[in-house]
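Student: Dumping the structure here so I can ask a few things about it.
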Amino acid sequence: MKILLIHPFGIGDVLFSLPLADALRQAYPEAFIGYLCNRRTEQLVKIWPQVDRHFVFEKDEFRAAWHSSKAKGLRHLLGLLQTIRAERFDVAVDLSLGWQMGCASLAAGIPQRVGFDFRGRGRFLTRKLPLSGFQNKPVADYYLDLLPLLGLEKPEQIRLKLELPSYVASQVEEFLAPYRIHAEERLIGIVPGGGASWGPASVFKQWPPERFAETAHALLSRQKIRVILFGDNQEFSLCRKIAEKMNQPPILATQISSLVLLAGLLKRCELVIGNDSGPMHLATAVGTKTVSIFGPVDAAVYGPVSENSDRHPVVARTLACRPCYQQFRFPPCPWDNACLKQLPVSQVMEAAELLL
């Protein structure tokens, strides 16, 4: 049996597919499992013991090749399809919700193609599950709903756990060495950005930076800890703005190119506080306690996935208009993002101190 999982989207989305990869590996211990991901999540998928080989489709790289010349774009796409075809996969499990990956799987010669029929986009699938959107239960649970289409039983409990390679511990020590962090020192991580897959609208998923600064200040005054601020290259100024308001200089982890090192640093933290984002799901997956802040998005669907929900409380403002992100659409907000701007520091602090 050769199975190809397809999910070319962000960190959180890919992590939500980990329980499905687990279930497939348990059902077919000797199977060859491939995974088609994007460039950003490649490093993460590479370390999954469930996956034997990964393939990368990066939309931006394809578009750049296509705009350079149509012939170059076609060569780029055909090269990937030929590489996948050479593996002679029996089944593709498509989590992309679009028609393009189903079509590509057909072109790659994969005879069985399983996935969701969202808005009629499952036309190239041989077995499909109708879907109008993700509502009322975790995305990871929806992915597991595809197992019966493969003749497999759905597990009773969702298990999302990411084991890191042994070499990551030394990389974490090397990163922290200039900050003189000893082994027993308590680290609290803060993720003030996130939501990159939303593009310019990502700010609507983010708690105001001054609230994060207030939270860090309050924690430092009550606990003997060090704070580490996490963000990507585009979030350096955001993290710097928060750092300038803190009474103790934090560790700035904004130049990390490796998702595996990021996962290791999140694992080293005793607690991570942050917005609904890929790094927050990564912290949950490696077993670190989290306090996640949700605004327009429904935490029942996109919230932390864990067997122990007490370790991963969600903090959100109760308003009649939230959650407003439905069926993958975020409407214009007439209330100036009140769900996050009206969320007080005290509510986040209460959840954090219970965990500490």
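Read-outs: derived from the displayed coordinates by stated rules, not from any lab. Predicted, not measured: the structure shown is a model, and the values here were computed from it. All Cβ positions, glycine included, derive from the backbone under ideal geometry; neighbour counts span all protein chains shown.
Student: For a quick check: with amide H placed at 1.01 Å from N, whose amide H comes under 5 Å from Ala92's, ignoring anything fewer than 5 positions away on the same chain?
Tutor: So Ala92 has HN proximity to Leu4, Gln112, Arg113, Val114.
Student: Can I ask one more? So what's the angle, to the nearest 10 degrees on a 0 to 90 scale, between helix 18-27 and the longest Cα principal axis of the chain?
Tutor: 50 degrees
Student: In addition: Under the 0.36 nm per residue contour assumption, what length would be gained going from the current alpha-carbon distance of Gln112 and Ala71 to full extension?
Tutor: Numbers: separation 41, 0.36 × 41 = 14.76 nm, distance 2.95 nm.
Answer, rounded to one decimal: 11.8 nm.
Student: Quick one: angle between helix 70-86 and the longest Cα principal axis of the chain, in degrees between 0 and 90, rounded to 10, please.
Tutor: 80 degrees
Student: Ok, one more. Enter the Cα centre distance for the pair the range 335-355 and the range 88-141, rounded to the nearest angstrom.
Tutor: 38 Å
Student: As an exercise, identify the trypsin sites (Lys or Arg not before Pro) in the range 1-59 lying in DSSP coil whose Cβ has no more than 16 other Cβ atoms within 10 Å. Numbers along the way, then the final one.
Tutor: Details: sites: Lys2, Arg25, Arg39, Arg40, Lys46, Arg53, Lys59; in loops: Arg39, Arg40.
Qualifying residues, ordered by number: Arg39.
Student: Quick one: net charge of Arg240's neighbours, Cβ under 14 Å, K/R +1, D/E -1?
Tutor: Values: positive: Lys241, Lys245; negative: Glu210, Asp232, Glu235, Glu244.
Net charge in that neighbourhood comes out at -2.
Student: Can you tell me the length gained on complete extension of the stretch Phe62 to Cys321, counting 0.36 nm per residue apart and subtracting the Cα distance?
Tutor: Details: separation 259, 0.36 × 259 = 93.24 nm, distance 3.85 nm.
Net length gain for the segment: 89.4 nm.
Student: For the range 217-267 and the range 166-181, write down the distance between their C-alpha centroids in whole Å.
Tutor: 15 Å
Student: Further question: For helix 59-68, report the angle its Cα long axis makes with the longest principal axis of the Cα atoms of the chain; keep it between 0 and 90° and round to the nearest 10°.
Tutor: Once rounded, the angle reads 60 degrees.
Student: Have a look at the DSSP beta bridges in the range 1-135 and tell me what percent are antiparallel, nearest 5.
Tutor: Working: 0 of 22 bridges.
If we restrict to bridges inside the range 1-135, about 0 percent are antiparallel.
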